[in-house]
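Bear in mind that the values in this text are calculations on the coordinates, not laboratory data. Quantities reported herein were computed from a predicted structural model and do not represent experimental measurements. Cβ placement follows ideal geometry from the backbone for every residue including glycine, while neighbour counts extend to all protein chains displayed.
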Amino acid sequence: MKKILSLALVLLAGASALSAQNAEKGLTIGFAGFFTGNSWNNQCFTTIQKAAGQDPAIASLVVANADANLEKQIAQVNDMIDKRVDAIVCMAVSESANNPVLEAAVKAGIPVVVSDHYVTSKKMTSQVYVDQLQWGQVTAQWLVDKLGAKGGKIVVLNGIAGNSDNNGRWGGAKQVFDKHPEIKILASANADWDQAKAQPVVASWLAAYPQIDGVWSQGGAMTAAAIIEFKKANRKLVPMVGEAYNGFMKLWIKYQPEGFSSIAPVQPNYDVQIALELAKRAAKGQKVPNRIDIPMVLVKDNTVKETVVNDMPDDYWPINWLPADKIDSIIAQAKM
């Protein structure tokens, strides 16, 4: 964890000259990052840094961390516009409030590619993301099926309130749960996809509710928190929705002999790799697809041992890097 965090902190210093030998001719691309409040977002910073550093067409990457603050991100994007960067990759704080500043960049002739966090504007150069509505629908249906015809009582761990990923995941899950009155939601909370924030929430629920039959969680670190607190309380583990977070998958495997079961969608960090490639191409005047849907990958009970990376820290997220030919293939398959 310390190694990942230290890498991320280096990136937050500001503009980074990545390929000095190309500085005279290469592109300058801005990266308006969401925040570094968890390890997944930290890996996005390190992934795009690595990708830019390996691309001879990119001279520098102007890196900004919004700390999940809308006003801060708007100011950072405006600064990139003023500096006349060649393109911007943005992980937007808000799905709608970011629209005006991002549209201003496009109007100024700067291509804007939104990565991971969807925005509602139709004027973006391109958007790259996993279908979060599907994320919620698939995982909620899995939990419904696990609980069976009798249903059960569940608790819900959501991410950051107002964030587009959070809204999409919970929106999809709610669509499913609303069709199943046998599922009773005891409580829900926004724990910001953070294990430390989720643990006291789950502990309070375990103290308040003698029966919890399932956990719908939209973040792997929060599901890890739920497992830890269930074990602390000497409560039998119940079906829990997870995510491909290394620490969670290690716990999943540990407790499989006890009958623990889960499903874990993959939210790949390589979203930002694809977004960077699109931004580079657009900056060169090439036509790019205005939307790329990353196919959703699911880790299941029979594949979790193949996915976990045992020699990496708990806060590591596997499936986070694509070779150039795979990126080219994904872009080529997208509709223009």
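May I ask you to compute the full-extension gain from Asp293 to Lys231, defined as 0.36 nm times their residue separation minus their alpha-carbon distance, rounded to one decimal in nm?
Details: separation 62, 0.36 × 62 = 22.32 nm, distance 3.76 nm.
That works out to 18.6 nm of additional length.
Which value in Å is the Kirkwood Rh of the stretch 192-336 over different Cα pairs? Walk me through the numbers before you get to the answer.
Details: mean 1/r = 0.0589 Å⁻¹.
About 17.0 Å, per the Kirkwood formula over Cα pairs.
Per DSSP H run of n ≥ 4, the term is -39500 (n - 2.57); total these for the chain, divide by its residue number, and report the mean residue ellipticity at 222 nm rounded to 500 deg cm²/dmol. Walk me through the numbers on the way to the answer.
On the way: 12 runs with 142 residues, N = 336.
Estimated from H runs of four or more residues: -13000 deg cm²/dmol.
List Ser94, Ser115 from most exposed to least, where exposure is judged by having the fewest other Cβ atoms within 10 Å. The partial results should precede the final answer.
Details: Ser94 17, Ser115 30.
Neighbour counts put them in this order, fewest first: Ser94, Ser115.
Just Ala279, Ala198, Ala104 to compare: in a GNM of the chain, with alpha carbon springs under 10 Å, which one fluctuates most?
Result for the chain, Cα springs under 10 Å: Ala104 fluctuates most.
Relative to the longest principal axis of the chain, what angle (0 to 90°, nearest 10) does the C-alpha long axis of helix 220-232 take?
Approximately 30 degrees, to the nearest ten.
Calculate, in whole percent, how much of the Cα-Cα pair population of the chain lies beyond 34 Å. Show your work: numbers first, answer last.
On the way: 14179 of 56280 pairs.
The answer is 25 percent, as a whole percent.
What longest region of the chain stays clear of trypsin sites (Lys or Arg not before Pro) that DSSP places outside H, G, I, E and B and that have at most 15 other Cβ atoms within 10 Å?
Values: sites that count: Lys25, Lys83, Arg84, Lys122, Lys123, Lys150, Lys179, Arg235, Lys236, Lys284, Lys287, Lys300, Lys335.
Here the longest run is 26-82.
Please report the spacing between the Cα centers of the stretch 27-102 and the stretch 153-182 in Å, no decimals.
The distance from the Cα centre of the stretch 27-102 to that of the stretch 153-182 comes to 28 Å.
What percent antiparallel are the DSSP beta bridges of the chain, to the nearest 5? Walk me through the numbers before you get to the answer.
On the way: 5 of 40 bridges.
Counting only bridges with both partners in the chain, antiparallel ones make up about 10 percent.
Please report the orientation-averaged projected area of the stretch 132-265, defined via the convex hull of its C-alpha atoms, in nm². All intermediate terms of the calculation are to be shown ahead of the outcome.
Details: hull surface 28.2 nm².
That works out to 7.0 nm², a quarter of the Cα hull's surface.
Helix 246-255 against the longest principal axis of the chain: what's the angle in degrees, Cα atoms only, rounded to the nearest 10?
Helix 246-255 and the main axis of the chain meet at about 20 degrees.
Which whole-Hz ³J(HN,Hα) couplings does the stretch 58-67 yield from phi under the Karplus relation 6.51 cos²θ - 1.76 cosθ + 1.60, θ = phi - 60°, glycine and proline marked x?
10, 7, 8, 10, 8, 9, 10, 10, 7, 6
Compute the acute angle (0 to 90°) between the alpha-carbon long axis of helix 271-283 and the principal axis of greatest extent of the alpha-carbon atoms of the chain; round to the nearest 10°.
Long axis of 271-283 versus the principal axis of the chain: about 20 degrees.
Among Glu71, Glu277, what is the fewest-to-most ranking by other Cβ atoms within 10 Å?
Working: Glu71 10, Glu277 23.
Arranged by neighbour count, lowest to highest, Glu71, Glu277 become Glu71, Glu277.
Where is the GNM fluctuation largest for the chain (alpha-carbon springs, 10 angstrom cutoff): Pro181, Pro289, Pro111?
Pro181
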